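Engineer: Dropping a structure here in structure tokens format, bear with me for questions.
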Amino acid sequence: MEQKTLLITGFMPFGGDAVNPSWEAVNKLPDAIGAYRLEKLLLPVEFGRAAALAIEKAKAVHAAAVLCVGLAAGRNAVTPEVVGINLRDARIADNAGVQPQDEPVVPDGPAAYFSTLPVRKMTEAIQACGIPAALSYTAGTYVCNDLLYSVLHRFRDSETRVAFIHVPSLSETFSLPVLSRALTAAVEAI
């Protein structure tokens, strides 16, 4: 059976950090997990541009699924996101110096889109590895949410399924090998 393609993305560092664990964990993943061949993509922390690059790559590789990964520094669990909302509202500027407030991601787009990958099943698979994980009902209003909403909007009427996972900052509990194991479990659950 031919493997399907999964586009998995992570972000460059932002906010003065030297490392972004979302990309470091993605980059450590093998080239194939379960039924999927992985295409990895490093994204800039930039409103609009990150989504445009992810969508372009997903189309180019005929991705059956797109799994985006980002950093949520204050969280104490790996958190698959249930929903992306149509709002850009940045407390800090992105890496291009853009700091939108109260702007829609897609003018005249719906208020929200639900993830189209099985995020509850993915959460349970991560938990089964002994890694703290929980469903999240807010991807925030920064570039992570912008990416999730935009990719869901683009693939809303297609067979390409989409989700987003936030990972916490690196720590003793959440080392890079642990984060990569969590992402592996999530992909295996798709």
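Each value in this text was obtained by applying a stated rule to the coordinates, not by laboratory testing. Nothing here was measured: the structure is a model prediction, and the numbers come from that model. Note: ideal-geometry Cβ built from the backbone for every residue, glycine included; neighbour counts use all protein chains shown.
Engineer: With percent of Cα pairs over 30 Å apart as the read-out, I listed (i) 26; (ii) 22; (iii) 11; which label goes with the value calculated from this structure?
Structural biologist: Read-out from the structure maps to (iii).
Engineer: Stretch K28-N76 to full length: gain in nm at 0.36 nm per residue minus the Cα-Cα span?
Structural biologist: So the chain would gain 15.2 nm between K28 and N76.
Engineer: Can you list the aspartates and glutamates whose alpha carbon sits under 20 Å from that of K4, skipping same-chain ones fewer than 8 residues off?
Structural biologist: Here the aspartates and glutamates satisfying the reach criterion relative to K4 are D31, E39, E56, D157, E159, E188.
Engineer: Additional query: Which trypsin sites (Lys or Arg not before Pro) in the stretch 62-161 sit in a loop by DSSP (not H, G, I, E or B) and have at most 12 other Cβ atoms within 10 Å of their own Cβ? Intermediate results must be reported in sequence, preceding the final value.
Structural biologist: Working: sites: R75, R88, R91, R120, K121, R154, R156, R161; in loops: R75, R91, R156.
Counting only loop positions with at most 12 other Cβ atoms within 10 Å, the trypsin sites (Lys or Arg not before Pro) in the stretch 62-161 are R91.
Engineer: What percent does the relative contact order of the chain come to when contacts are Cα pairs within less than 8 Å and at least six residues apart?
Structural biologist: So the answer I get is 30 percent.
Engineer: Let me ask something additional. To the nearest 500 deg cm²/dmol, what mean residue ellipticity at 222 nm is calculated for the chain from DSSP H runs of n ≥ 4 alone, each contributing -39,500 (n - 2.57), summed and divided by the residues?
Structural biologist: That calculation yields -8500 deg cm²/dmol at 222 nm.
Engineer: Express in nm, to one decimal, how much length is gained between K59 and S169 on full extension, taking 0.36 nm for each residue of separation and deducting their alpha carbon distance.
Structural biologist: 36.5 nm
Engineer: Starting from the stretch 1-57, pick out the trypsin sites (Lys or Arg not before Pro) whose DSSP state is loop and whose Cβ has at most 15 other Cβ atoms within 10 Å.
Structural biologist: K28
Engineer: At R156 and F114, where each label point lies 7 Å from the Cα along Cα→Cβ, what is the point-to-point distance in nanometres?
Structural biologist: Roughly 1.5 nm, to one decimal.
Engineer: Taking loop as defined by DSSP and a crowding limit of 15 other beta carbons within 10 Å, which GluC sites (Glu not before Pro) in the stretch 1-69 fit?
Structural biologist: E2
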